[in-house]
Amino acid sequence: MLQAITLALLLLSTDAWAGIGKVTENKGNAEIVRKKDTLNVGVNTGIESFDNIRTGNGVVGITFEDDTKVRVTEHSRLIIDDFVYDPKSKGSGKLAMKVALGTVRYASGSVAKENNKNVAISTPTATIAVRGTAFTMTVDEIGRSLVVLLPNVDGSVGEIEVKTGAGSVILNQAFQATVTTGSEIRPLKPTLLSLSESAIDNMLIVRPPKEVTQRIAEETAQNSDALAYNALDYNPLDMKVFVDELKFDELNINELDFNYLTNELDSLILNAFRIGFDAITQVYVFDKGDNWQIDRRVNHNLTLLISKERGYEINIVQDRADLVLKNMDNSTNKIFIKQSLK
């Protein structure tokens, strides 16, 4: 009798802690960060809510209980925020995940097909409303996102809506794409890419598809407020920005420069924008022609693109102190940004 009760308790415990999916593909090196633990990845490794999947020189494929499939490619990060699915209760499931870096392919399962409003897929600069289809997301180190609609396995094509705080676009053709550069900047108008699915990887970060750069150029020419897309209108490998006759661009960013543990600022003031990296303020400044690009990465990344034609007082408010950047003129604009250290 005691053995039967013990077995029943074990079975109940197993069900209570059952995973929400499992790894179905594993190549190269990858890991799962679960709470405070770091787990090795192998085929049939269970996936749970709040898992953070990180790949190095490897690929991880995951199949969820509702048959949703994601494929995390090399040097990428996927965070599983939530997953609930009961095949006996149609329309009640939900799925939420975020692509933080790199390239991830998504293919809808039962949750999206039964109630797509219960699916929340996001990147740092976009949210994606899924309508039973497949697509990829390629996210660079400051959150800019290239979203590409893909055909389903059976050859059909669904539809997705890519949204930011400033607007949205619909993708409904295979290999149609858009770009988001900020959560409050409208997405790029849809453009059709002439590439194969196998060509969608992290190389698109450093060398965007020619159709995308052409669309950006067109929208920049049509829109007097070109600020929204100037941040993507370059190839980091071809940039020519000089400091003291030396090249300086995003490829010069060294993550070891940043102090992620402490930042004891005492109302530091940078009186003018100086190209390069300032070790005291931990600010990168890039010359973008008509604009300044300011990058700061202390726990939460900050990228700001501003016009050289105006003066600015930028107050980065932190948990313990403020950082003030000044480039003054008679029409100085004040910008306040909260950048938490937590």
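The values are calculated or read from the model by the stated rules, or taken from the named source; none is laboratory data. Being a predicted model, the structure only gives us computed values, none of them experimental. Positions of Cβ are generated from backbone atoms using ideal geometry, with glycine treated the same way; all protein chains shown enter the neighbour counts.
Before moving on, here are some points about what is shown:
- Annotation: of all residues in segment 27-46 being in contact with a Lys or Arg (Cβ under 6 Å, 6 or more places away or on another chain) and part of a strand (DSSP E or B), the one that is nearest to VAL84 (Cα to Cα) is GLY46.
- Of the residues making up segment 183-200, at least one is in contact (Cβ under 8 Å) with a residue 60 or more places away in the chain, surrounded by 16 or more Cβ atoms within 10 Å (Cβ to Cβ) and either over 15 Å from the mean Cα position of the chain (by Cα) or assigned to a helix (DSSP H, G or I) (or both).
- Checked against (1) closer than 19 Å to PHE135 by Cα; (2) in contact with a Gly (Cβ under 7 Å, 6 or more places away or on another chain), SER183 passes all but condition (1).
- Cβ separations smaller than 7 Å between residues 6+ apart or across chains give the following pairs from segment 131-146 residues that are under 10 Å from GLY102 (Cα atoms) to residues that are in a loop (DSSP other than H, G, I, E, B) and of a type in the set (S, T, N, Q): THR138/ASN202; GLY143/THR125; SER145/THR125.
- Matching residues in segment 104-124 - criterion: being surrounded by 22 or more Cβ atoms within 10 Å (Cβ to Cβ) and either more than 14 Å from LYS69 (Cβ to Cβ) or without any contact (Cβ under 8 Å) to a residue 12 or more places away in the chain (or both): THR123
- Counting only residues that are at pLDDT below 70, within 22 Å of VAL139 (Cα to Cα) and among the aliphatic types (A, V, I, L, M), segment 256-307 holds 2 of them.
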